[in-house]
Amino acid sequence: MYTTVQFLHSWWAYLLLLIVFIATVNALMGFFGNREYKPKDFRLALFALIVTHIQFLIGLILFFVSPNALQAITNNGMGTVMKDSTLRLLAVEHPIIMILMVVLITIGYSKHKKKLVSKPKFKILAIFYTLALILMLSRIPWNQWF
Ligand code: HEM
């Protein structure tokens with residue numbers, strides 16, 4: 001169970017990183033280029049939301065089945081986990097920051113849908129998706145991923 005979920009989470013992360021990066025650059029170019037918002041822009045923003053929510057669900061399962069997350073906290077105690085930078089990243093920082101990232105993508109997507117004109121739509125997407133991308137890049141366990 002653990003290795004399967006971790007494998008899924010690890011590979012889905014590549015797709016998510018790619019899609020959120022493309023959706024963010026697209027929103028920034030749409031905003032600074034004063035481009036008209038088109039159905040493909042909507043589909044890209046929606047696809048980024050969907051892949052993010054799927055990774056969130058896989059991550060949540062992983063949090064419970066991984067020896068490096070909840071089990072590490074219950075077995076070693078929060079004090080020990082917080083002192084160990086690798087355990088702290090996998091059990092605390094990564095899950096919390098990624099949940100924040102999912103919240104930003106979700107707020108950005110639902111707020112941009114309410115806007116009726118191209119420029120404010122791109123602006124909302126650019127702000128929330130860029131913040132989410134930066135947060136995500138800051139707490140991916142790069143050492144064990146690559
Ligand atoms: C939504 C964006 C997320 C991305 C892009 C992401 C990405 C990753 C990556 C690349 C790894 C390393 C995988 C490897 O070692 O090959 C990882 C590990 C992990 N992720 Fe996520 N994750 C996300 C969300 C979450 C969430 C929401 C949780 C929990 C609530 C979570 C829990 C974990 C745990 C516990 C590990 C360590 C697993 C282990 O090595 O035992 N992730 N994540």
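Mind counting lysine pairs for me in segment 68-146? Cα separation below 29 Å, and the two need to be 8 or more apart along the chain or on different chains. If you can, show how the numbers build up before the last one.
Numbers: Lys111/Lys119; Lys111/Lys121; Lys111/Lys123; Lys113/Lys121; Lys113/Lys123; Lys114/Lys123; Lys115/Lys123.
Eligible lysine pairs with Cα atoms under 29 Å apart amount to 7.
Residues in the chain average 57 Å² of solvent-accessible surface per residue, probe 1.4 Å, ligands and nucleic acids excluded. So if I take the centroid of the Cα atoms in segment 37-96 and the same for segment 112-145, what is the distance between those two points in Å? Taking the Cα centre of each part, segment 37-96 and segment 112-145 sit 17 Å apart. Roughly what % of Cα-Cα distances in segment 88-146 sit above 12 Å, to the whole percent? Of all Cα-Cα distances in segment 88-146, 66 percent exceed 12 Å. For segment 81-96, backbone nitrogen atoms closer than 19 Å to the point 7 Å from Phe64 Cα along Cα-to-C-beta are found at 91-92, 95-96.
With the helix formula -39500 (n - 2.57) applied to DSSP H stretches of n ≥ 4, the chain reaches a computed 222 nm mean residue ellipticity of -27000 deg cm²/dmol.
The angle separating the long axis of helix 94-114 from the principal Cα axis of greatest extent in the chain is about 20 degrees. All Cα-Cα separations within segment 68-110 were binned at 5 Å from zero, giving a P(r) of 5, 26, 24, 14, 11, 10, 7, 3, each value a whole percent of the pairs. The radius of gyration of the Cα set in the chain, together with its Dmax, comes out at 17.0, 54 angstrom. Mind pulling the angle between the C-alpha long axis of helix 39-65 and the longest principal axis of the chain? Nearest 10 degrees, somewhere in 0 to 90. Helix 39-65 sits at roughly 10 degrees to that axis. Placing unit charges on the Cβ atoms only, positive for Lys and Arg and negative for Asp and Glu, gives segment 37-146 a dipole magnitude near 840 debye about its Cα centre.
Relative to the longest principal axis of the Cα atoms of the chain, the long axis of helix 118-138 makes an angle of roughly 20 degrees.
The values are calculated or read from the model by the stated rules, or taken from the named source; none is laboratory data. In this text the structure is predicted, and so the values were computed from the model without any measurement. Neighbour counts are summed over all protein chains in view; Cβ atoms, including those assigned to glycine, are modelled from backbone coordinates with ideal geometry. Just the protein is used for accessible areas: all its heavy atoms, side chains included, with ligands, DNA and RNA removed. Shrake-Rupley method; radii C 1.70, N 1.55, O 1.52, S 1.80 Å.
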